[in-house]
């Protein structure tokens, strides 16, 4: 297992979580952007699980 790759994926996942939280806290959240961020998070989570 390449731990540096997994660490990088986990860091990216955390960054997406922050962006998602920021978008959801805006006065007028962009639902399409929220959905796109959620999909990116899911793909990363699945890739982490496969390692």
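Data overview
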{"quantity": "Solvent-free Debye scattering, log10 I(q)/I(0), computed from the Cα coordinates of the chain at q = 0.19, 0.22, 0.29 Å⁻¹", "calculated": "-0.61, -0.74, -1.03"}
{"quantity": "Gained length - residue 5 relative to residue 49, 0.36 nm times residue gap less alpha-carbon distance", "calculated": "14.6 nm"}
{"quantity": "Within the chain, helix-based [θ] at 222 nm, where runs of 4 or more DSSP H residues each add -39,500 (n - 2.57), nearest 500", "calculated": "-28000 deg cm²/dmol"}
{"quantity": "Virtual spin-label span in nm between residue 23 and residue 39, 7 Å along Cα→Cβ", "calculated": "1.0 nm"}
{"quantity": "Crossing angle, helix 31-49 versus the chain [Cα axis fit, 0-90 degrees, rounded to tens]", "calculated": "10 degrees"}
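The numbers here are math on the coordinates, done by the rules we state, and not lab data. This one's a predicted model, so the numbers in the text were calculated from it and none came from an experiment. A quick note on method: Cβ atoms are made from the backbone with ideal geometry, for glycine too, and the neighbour counts reach across all protein chains shown.
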